[in-house]
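Data first, discussion second: the structure below is written as structure tokens.
The values are calculated or read from the model by the stated rules, or taken from the named source; none is laboratory data. Quantities reported herein were computed from a predicted structural model and do not represent experimental measurements. Cβ coordinates were reconstructed from backbone atoms using ideal geometry, including for glycine residues, and neighbour counts include every protein chain displayed. We work out accessible area using only protein heavy atoms, side chains counted, and drop any ligands, DNA or RNA first. Shrake-Rupley method; radii C 1.70, N 1.55, O 1.52, S 1.80 Å.
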Amino acid sequence: MDELFGRDEERGRLTAALDEARRGMSGVLVLRGGPGSGKSTLLDHLQAGAAADFEIVRFDAVESEAELGFAALHQLLRPHLSQLPKLPDPQRAALGQVFGLEERTSPPDRFLVALASLGLLDARADDRPLLCLVDDAHWLDEESAAVLAFVARRLHADAITMVFAARNHPDRVDHLAGLPELAVTGLDTDAAGRLLESAVPGALDPGVRDRVVASTGGNPLALIEAARELRADQLSGVSPLS
């Protein structure tokens, strides 16, 4: 869907975070919500146009790599390795160990890796503002989550915006806790109805619309799935809903 329904507050907060980076000050925001609440769609909105003047780095953390140390950090920083020579030697060596560029005789110093990550992103933002988008951040591996949270907390006079999208995950340490956060919940009745109408190719009975909106709690993904799965005669009110 190209249009964002009922997300004025979320777009306002994201625009403010981008504007901070445009002024040379950092912007950080954690979008927190359940499955299908629209977090990824908000990241898509930023990537597709709102941040057209930014260099954009985006990756999705995946559950299968949650136990691989520094796996997510590798995805984020790999496009910026050309900036490694700008880092102090200890930081460059620590990050080089993470990327397999330096011989590893002991585990890399996580503090030096974090400092190097901050320096690498800062160097990359010298030419134009940098936007880092991290989707499904609840699946970040432990090492990457700690480093990225460290970076987010220490951004200050940097033309960098970081946006994380995450679910609450009680079984994992939440390294993003304490960062600026915005809850992404179900859409209100009006916005949910408009989203459902936009997803239905044919006629939509008002009573059916209201029942689907109520049953999904305004969850955007559930609304779109309902529009796809219900038959045309059910959506038009000719046949009853199951």
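Sequence-ordered 3J(HN,Hα) estimates for region 87-103 from the Karplus curve with 6.51, -1.76 and 1.60 and θ = phi - 60° stand at 8, x, 3, x, 5, 4, 5, 5, 6, x, 4, 4, 8, x, 8, 10, 5 Hz, glycine and proline given as x.
The sum of -39500 (n - 2.57) across all DSSP H runs of n ≥ 4, divided by the residue count of the chain, sets its helix-only mean residue ellipticity at 222 nm to -12500 deg cm²/dmol. Charges were assigned to the Cβ only: +1 to each Lys and Arg, -1 to each Asp and Glu. The resulting dipole of the chain about its Cα centre is roughly 280 debye. Taken along the Cα-to-beta-carbon direction at a fixed 7 Å, the label points for residue 241 and residue 171 span 3.2 nm.
How much area per residue is accessible in region 88-242 when the probe is 1.4 Å and only protein heavy atoms are counted (Å²)?
Working: 7520 Å² over 155 residues.
Result: 49 Å² per residue.
The solvent-accessible area of residue 188, taken with every protein chain present and a 1.4 Å probe, is close to 90 Å².
Taken over the alpha carbons of the chain as equal point scatterers, the Debye sum produces base-10 log I(q)/I(0) values at 0.08, 0.11, 0.12, 0.13 Å⁻¹ of -0.37, -0.63, -0.72, -0.81. Amide H contacts of residue 131: 55, 56, 57, 161, each under 5 Å away and 5 or more positions distant or on a separate chain (H built 1.01 Å from N in the peptide plane; Pro and chain starts excluded).
Note on residue 203 and residue 102: with the Förster distance fixed at 45 Å, the Cβ-Cβ geometry gives a FRET efficiency of about 0.10.
Around the amide H of residue 70, modelled in the peptide plane, lie the amide H atoms of 143, 144, all under 5 Å away and 5 or more residues distant in sequence or on another chain. In order along region 223-230, the Karplus-derived 3J(HN,Hα) couplings, from 6.51 cos²θ - 1.76 cosθ + 1.60 at θ = phi - 60°, round to 5, 5, 5, 4, 4, 7, 8, 6 Hz, and Gly and Pro are given as x. Taking each residue as 0.36 nm, the span from residue 185 to residue 153 lengthens on full extension beyond its C-alpha to C-alpha distance by 9.0 nm.
If R0 is 35 Å, the Cβ-Cβ spacing of residue 233 and residue 63 corresponds to a FRET efficiency of close to 0.35. What percentage of the solvent-accessible surface of the chain, computed with a 1.4 Å probe over protein heavy atoms, is contributed by carbon and sulfur atoms? C and S atoms contribute 48 percent here. Among the GluC sites (Glu not before Pro) in region 63-160, those located in a DSSP loop and surrounded by at most 16 other Cβ atoms within 10 Å of their own Cβ are 67, 102, 103.
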